[in-house]
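Colleague: Sharing a structure below in structure tokens format, with a few things to ask.
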Amino acid sequence: MFHVEFVVLASGCLVAGWWQVTRALAGNGLSWFYSFEWPILAALGGWGWWHLIHEDPEVYQARKQRPPEWELHQDVTET
């Protein structure tokens, strides 16, 4: 289901980008910005999808664990 959602959303972003290109060519200056923004959002979604699909859960857990040197030591004397 996740793959279908990605395809629908990425396709929607690309269609919105094409729509903004046609508006920009018709004279709407602000649409030039959006005509580049929508494909960038589709590419960002593609990168996120690829990362979620191919990430190894064990590597993710190892990356999230705190190194021992980050732990506070309790042997500090109070003044």
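The values are calculated or read from the model by the stated rules, or taken from the named source; none is laboratory data. In this text the structure is predicted, and so the values were computed from the model without any measurement. For neighbour counting, all protein chains shown are included, and Cβ atoms are generated from backbone atoms with ideal geometry for every residue, glycine included.
Colleague: Can you go through Gln61, Gln74 and tell me which one is at pLDDT below 95, assigned to a helix (DSSP H, G or I) and not acidic (Asp, Glu)?
Modeller: Gln61
Colleague: Let me ask something else. Going by the structure shown, is Trp50 touching a helix residue (DSSP H, G or I) at 6+ places or on another chain (Cβ under 8 Å) and surrounded by 11 or more Cβ atoms within 10 Å (Cβ to Cβ)?
Modeller: The answer is no for Trp50.
Colleague: Does His3 satisfy the condition of being under 14 Å from the mean Cα position of the chain (by Cα) and in a helix (DSSP H, G or I)?
Modeller: The answer is no for His3.
Colleague: Give Leu44, Leu52, Leu14 a once-over and let me know the one that is outside any loop (DSSP other than H, G, I, E, B) and in contact (Cβ under 8 Å) with a residue 40 or more places away in the chain.
Modeller: Leu52 is the lone residue from the list that is outside any loop (DSSP other than H, G, I, E, B) and in contact (Cβ under 8 Å) with a residue 40 or more places away in the chain.
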